[in-house]
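Data block below; observations after.
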Amino acid sequence: MYSTLKTAGLALLLSAASLCSRGQTNCLLFKDSSHIKACRLYNATDSFPQGSRICQQYLDSAIRICPDYAEAWHEISVPYLKRGDYRSWRKYMDRAVELKPLAYTATRGWCRFKFLRDYEGALIDLQKADTLSGFQPGQSGDGSYNLYVVMALCERELGNYTAAARYFALGIDSVRARKGKTWLGLFDYLHRAVMEIKLKNYDKALSDLDLQSEIFDRYAETEYYRSIVLIATGHPQQARVSLERARQLFITDGYHLSDPYCEMLDEVHLGDIEMLTSPNNPASSNLPSKR
């Protein structure tokens, strides 16, 4: 996975795509006329910008013609989600889940995690999707995460660290053992390292940050969190080096966690890096002065 997303720009382009980007449904698979008509309207929306009035009108017509056409219920919900109208999104998305739970329960859980920070609700959906899929939950809606890692993050944010560790093991260690590291997400080890920092398991955190660098070594967050570990473990000189590298990656030739719609978990801003080196920050008192 990391090889296909290595430039980090592809994920942004996919997320911000203006057209309804999905494969055409073969309408001839349906036998009744209402499904066929709804399917054709659904397919026709590929010609229009996602969320435009005409695109939504076509989807609304598909739903009116065939009220149990789940794909149209899901697709009409997406622009509401992206615009922050979560009430409308849930109205349409819940109906899609009701009609096709295997197809859309995980999608709803992912969106509840990412957009709403509804960790309890997301976890309920994702655990149900895990069962429905025969314990093969697949990837997040944007392809960035194994859904076990998303479940781990939900548990982590709820303070359930033992459960989070189990899900991280399923989404990281088991995946790597079975398929190799190319199947891991770009940020998996980083997220687990943050949990280990919270638990003051600094050796484990540093190990995960080293593994994160093996996956992709151009994220400012990796060096930022590494500096926190190094400060906590009494290595101020190395911490200063990591902080400077984090700053350079942020402002010059590196990357940092970002999403076009909402802030990501464990995302670091330039101000966070600068604050850690500020003389007014007690945590910086152990750092050596710049030479």
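The values are calculated or read from the model by the stated rules, or taken from the named source; none is laboratory data. All values derive from a computational prediction rather than experimental measurement. Cβ atoms come from the backbone with ideal geometry, glycine included; neighbour counts cover every protein chain shown.
The helices (runs of 4 or more DSSP H) located wholly in region 200-291 include none with 2 or more residues which are at pLDDT below 95 and within 19 Å of the chain's Cα centre (by Cα). For beta carbons closer than 7 Å, sequence separation of 6+ or different chains, a first residue in region 112-141 that is at pLDDT below 95 and a second that is surrounded by 21 or more Cβ atoms within 10 Å (Cβ to Cβ) and among the charged types (D, E, K, R), the qualifying pairs are PRO137/ASP130.
Please determine whether any residue of region 17-25 is crowded, with 16+ Cβ neighbours inside 10 Å, of a type outside the set (Phe, Trp, Tyr) and at pLDDT 95 or above. Checking region 17-25: not a single residue is crowded, with 16+ Cβ neighbours inside 10 Å, of a type outside the set (Phe, Trp, Tyr) and at pLDDT 95 or above.
Being among the charged types (D, E, K, R) and loosely packed, with under 13 Cβ neighbours inside 10 Å is the filter here, so list the residues in region 244-273 that pass it.
Residues satisfying the conditions are ASP253, GLU263.
The number of residues in region 222-244 being aliphatic (A, V, I, L, M) and farther than 16 Å from LEU199 by Cβ comes to 5. Considering region 30-56, and only residues there that are among the aromatic types (Phe, Trp, Tyr) and in contact (Cβ under 8 Å) with a residue 24 or more places away in the chain, the residue that is nearest to PRO67 (Cα to Cα) turns out to be TYR42.
The single condition among (1) assigned to a helix (DSSP H, G or I); (2) at pLDDT 95 or above that THR182 does not meet is (2).
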